[in-house]
Amino acid sequence: MTFADLGLSDQLLRAVEESGYTEPTPIQRGAIPSVLMGRDLIGIAQTGTGKTASFVLPMIDILAHGRSRALMPRSLILEPTRELAAQVSENFEKYGKYNKLSMALLIGGVQMGDQVKALEKGVDVLIATPGRLMDLFQRGKILLNGCELLVIDEADRMLDMGFIPDIEEICSKLPKNRQTLLFSATMPPPIQKLAAKFLNEPKRIEVARPATANVNIEQKLVQVSPDKKRDTLRNLLRSDDVKNAIIFCNRKTTVRELATSLKRSGFAVGQIHGDMDQSDRIAEFERFKRDEINILVASDVAARGLDVKGVSHVFNFDVPWQPDDYVHRIGRTGRAGATGTAITLATREDREAIAAIEKLTGGPIARADEPAKVETAAERPGRAEKPARTEKPPRAEKPKREPRRPREQRDEHEETHERSLVVEDIQPEWNGPLPSFLSVGAA
């Protein structure tokens with residue numbers, strides 16, 4: 001099957017072909033025809049399966065007919081993070097270059113002024129994070145009653161980040177007669193409840209069992225002690241097969257400290273975490289995409305949706321707290337049919353978290369030995385080579401002690417005094433030292 005078989009327009013097919021894609025992925029084959037027919041949809045697919053294009057492509061064709069109005073977007077795409085929202089906008093620019101569609105990006109970390117100006121002109125596609133959208137809505141800068149199509153992307157991530165109440169409020173502001181698409185890697189009960197409430201007889205497309213890891217990813221678990229994690233990571237990064245890598249940490253402070261440590265060790269490394277300004281995060285990500293740096297240390301803010309072709313390795317410096325995050329982290333490699341390697345560094349304290357991950361993914365993670373550090377004398381400055389061992393001379397025999405003289409041969413002064421009555425009262429089996437006060441005779 002080709003993209004032409006899915007019913008897409010000639011302009012769109014031209015843009016897809018110029019992007020280097022010839023065959024649709026399973027999620028695209030299942031979703032695109034249903035979206036073009038106007039049906040509500042639930043798409044369950046792991047990351048790296050072409051999920052974004054499965055709703056971007058048909059949306060471009062649907063919105064090609066019609067006209068936008070000021071402050072009233074015709075479609076709305078909700079994303080959990082700024083990075084994901086920015087990447088979806090890049091997809092619209094890439095695939096919609098032969099269609100005259102207007103687009104606006106509403107994300108935090110940037111000035112509202114330009115975003116409001118774009119809304120005032122009218123937009124066909126509005127891509128937003130829930131927080132910024134609600135902020136502008138409450139200020140009266142946006143109207144949602146003209147939205148014909150809603151996409152809720154990465155719904156399970158929305159749940160993790162506490163956005164479900166915001167999404168419910170947003171959905172209540174939209175027209176009831178609309179098309180709604182929901183995409184998620186997993187379908188926990190709260191997401192099923194959300195879908196039942198706001199979707200109308202949706203078609204369900206599931207291209208992989210929920211929370212399964214990509215079969216193109218070789219997974220390994222390296223057991224280390226906490227004080228050896230950085231040394232082990234450096235040894236792994238120096239392997240010949242590591243072309244580039246994303247390293248995930250649980251805390252922002254760990255991201256900063258680890259990136260600094262790797263820079264000192266001579267690695268070309270960047271970092272992305274939630275405390276950075278949006279412009280700085282985008283700049284670091286672009287450096288990684290352009291191969292100016294080949295290692296990116298990131299918190300989970302970067303775990304979902306970051307699409308970089310050809311990432312050879314993903315490292316979990318910290319075992320993720322949530323099992324679902326493991327699937328999304330390692331999904332940064334092995335994308336679009338390529339192979340990749342995911343290596344997790346685990347300590348004894350991580351046993352329960354690893355067990356939860358293996359239970360979720362339905363199989364054990366292969367254990368790997370900690371890599372040995374190979375050093376030469378030149379790599380060990382300041383260390384003198386130890387001299388070869390010499391055999392120790394045999395020990396000299398100790399002089400034998402003279403035998404004790406018999407009692408009868410002792411000098412007179414060695415004889416004990418006459419035993420007192422008190423001494424005679426002691427039991428004959430007593431063999432301990434004789435207290436001096438017992439040796440004094442009665443007056």
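The values are calculated or read from the model by the stated rules, or taken from the named source; none is laboratory data. It should be emphasised that the depicted structure is a prediction, and the values quoted were computed from it without experimental measurement. Glycine also receives a Cβ, built like all others from the backbone with ideal geometry; neighbour counts cover every protein chain displayed.
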Restricting region 350-369 to residues that are free of Cβ contacts under 8 Å to residues at least 24 places away in the same chain and among the charged types (D, E, K, R), the one surrounded by the most Cβ atoms within 10 Å (Cβ to Cβ) turns out to be E358
Taking the residues in region 300-337 that are over 21 Å from A155 (Cβ atoms) and at pLDDT below 80 as candidates, determine which candidate is surrounded by the fewest Cβ atoms within 10 Å (Cβ to Cβ). K309
Test each condition in (1) in contact with a helix residue (DSSP H, G or I) (Cβ under 9 Å, 6 or more places away or on another chain); (2) at pLDDT below 95; (3) assigned to a helix (DSSP H, G or I) for T253 and report the one that comes out false. (1)
In region 57-81, how many residues are assigned to a helix (DSSP H, G or I) and surrounded by fewer than 22 Cβ atoms within 10 Å (Cβ to Cβ)? 3
Can you name every residue in region 161-180 that is closer than 28 Å to S299 by Cβ and either crowded, with 18+ Cβ neighbours inside 10 Å or of a type in the set (V, I, T) (or both)? F163, I164, I167, I170
Going through region 95-119 in order, the residues found to be touching a helix residue (DSSP H, G or I) at 6+ places or on another chain (Cβ under 8 Å), over 27 Å from H273 (Cβ atoms) and not hydroxyl-bearing (S, T, Y) are G96, K97, N99, L101, M103, V116, L119
Among T25, T2, T81, which is among the hydroxyl-bearing types (S, T, Y) and out of contact with any helix residue (DSSP H, G or I) (no Cβ under 8 Å at 6 or more places or on another chain)? T2
May I ask you to say which residue of V242, V327, V319, V314 is assigned to a helix (DSSP H, G or I) and not acidic (D, E)? V327
Can you spot a residue in region 48-57 that is closer than 23 Å to K176 by Cα and touching a Lys or Arg at 6+ places or on another chain (Cβ under 8 Å)? no
State the number of residues belonging to region 33-47 that are farther than 17 Å from L150 by Cβ, in contact with a Lys or Arg (Cβ under 8 Å, 6 or more places away or on another chain) and not in a loop (DSSP other than H, G, I, E, B). 1
Tally, over region 104-133, of residues that are of a type outside the set (V, I, T) and buried (at least 19 other Cβ atoms within 10 Å of the Cβ): 11
Which number in (1) modelled with pLDDT of 90 or more; (2) under 19 Å from S184 (Cα atoms); (3) in contact with a strand residue (DSSP E or B) (Cβ under 9 Å, 6 or more places away or on another chain) marks the one condition that L63 misses? (2)
Candidate set: region 105-147, residues that are outside any loop (DSSP other than H, G, I, E, B) and touching a Gly at 6+ places or on another chain (Cβ under 9 Å); chosen: the one farthest from V88 (Cα to Cα): D135
Odd one out for D227 among (1) out of contact with any Leu (no Cβ under 9 Å at 6 or more places or on another chain); (2) within 12 Å of L78 (Cβ to Cβ): (2)
